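The values are calculated or read from the model by the stated rules, or taken from the named source; none is laboratory data. Just so it is clear, the model here is predicted, and its values are computed rather than measured. Because the Cβ atoms are built from the backbone with ideal geometry, glycine has one as well, and the counts that use them run over all protein chains shown.
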Amino acid sequence: MLKVGRLIRDSPVRWEAAYKTFLAATETTRPRAYLEFLEDNIPIPTPRQEGAAVRVLSIGSGSGEVDSAILRKILQRQSSVYNRVVEPSGEMIKNFKAMVQHDTSFGAVKFDWRQQTAEEYFSDNDGKKFDLAHAVHVLYFVEDHHATLRNMWEQLAEGGHLFAFLLTGMLWPPTGLPMGYG
Ligand SMILES: C[S@@+](CC[C@H](N)C(=O)[O-])C[C@H]1O[C@@H](n2cnc3c(N)ncnc32)[C@H](O)[C@@H]1O
């Protein structure tokens, strides 16, 4: 059976180079459609107790462009957020940290950085419950997306939201890349 998701572990330098090339190639067409879709569809979670921070679990956060859009949306309604970042690439985490350090709008967000794959994270975690768990453009890379979704679901607090976003097989004409929302 085809094994996916190994390059990030076996050769992170090659993986990062390939991902940067992909981002550069799609830069002119990528951002608006998908950030607008996210902003319109991301559920705004409420904390488990009044006054508590909203807890967000982000699987495969990358360098934080999508996470930051999600956090901004939540901060319009909620005063504080705890955001656990599960991301195997050290380079991506470094870029994400650099971005939030220079942006005062994230002052109300407590970040919990985990440089791990989803598989590593779910095999040994502290059982914390989350009001929102999301995986945006990540399920293609994990070893078993059913298991990943199930594990994310199990980490939800009562009434919590799970948001998974991935592309389907349609092609996006300007780039010839797959497009569609799943
Ligand atoms: C296409 S990027 C998406 C990043 C971000 N969520 C976004 O939408 O901009 C996929 C991310 O998944 C991460 N990733 C790859 N394999 C993973 C795994 N097994 N578990 C968790 N994340 C993984 C990559 O390092 C990368 O940052």
Given the criterion within 11 Å of the ligand (Cβ to nearest atom), at pLDDT 95 or above and farther than 20 Å from E16 by Cα, identify the matching residue among H134, H161. H134
Being away from the ligand (no atom under 14 Å from the Cβ) and crowded, with 16+ Cβ neighbours inside 10 Å is the filter; apply it to segment 13-69 and report the residue that is modelled with the lowest pLDDT. R48
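Restricting segment 91-118 to residues that are among the small types (G, A, S) and more than 10 Å from the ligand (Cβ to nearest atom), which is nearest to F141 (Cα to Cα)?
As a first pass, look at segment 91-118 and keep what is among the small types (G, A, S): 98, 105, 107-108, 118.
Then drop every residue that is not more than 10 Å from the ligand (Cβ to nearest atom), which leaves 98, 105, 107-108.
Values: A98: 25, S105: 31, G107: 31, A108: 31 Å.
Applying the filter and picking the extreme gives A98.
Looking for whichever is in contact with an Asp or Glu (Cβ under 8 Å, 6 or more places away or on another chain) and surrounded by fewer than 18 Cβ atoms within 10 Å (Cβ to Cβ) here; the options are Q115, Q101. Which one fits?
Working: Q101 fails: in contact with an Asp or Glu (Cβ under 8 Å, 6 or more places away or on another chain).
The unique qualifying residue is Q115.
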What pairs come up if the first residue lies in segment 124-151 and is free of Cβ contacts under 8 Å to residues at least 60 places away in the same chain, the second is in a loop (DSSP other than H, G, I, E, B), and their beta carbons are under 7 Å apart, counting only those six or more places apart or on different chains? L139/L166; H145/L139
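Identify, please: which residue in segment 44-72 is polar (S, T, N, Q) and in contact (Cβ under 8 Å) with a residue 40 or more places away in the chain and is, among those, nearest to E87 (Cα to Cα)?
Going through segment 44-72, the residues polar (S, T, N, Q) turn out to be 46, 49, 58, 61, 63, 68.
Those left that are additionally in contact (Cβ under 8 Å) with a residue 40 or more places away in the chain: 46, 58.
Details: T46: 24, S58: 8 Å.
Selected residue: S58.
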Condition met for E154 (acidic (D, E), modelled with pLDDT of 95 or more and more than 17 Å from R48 (Cα to Cα)): no
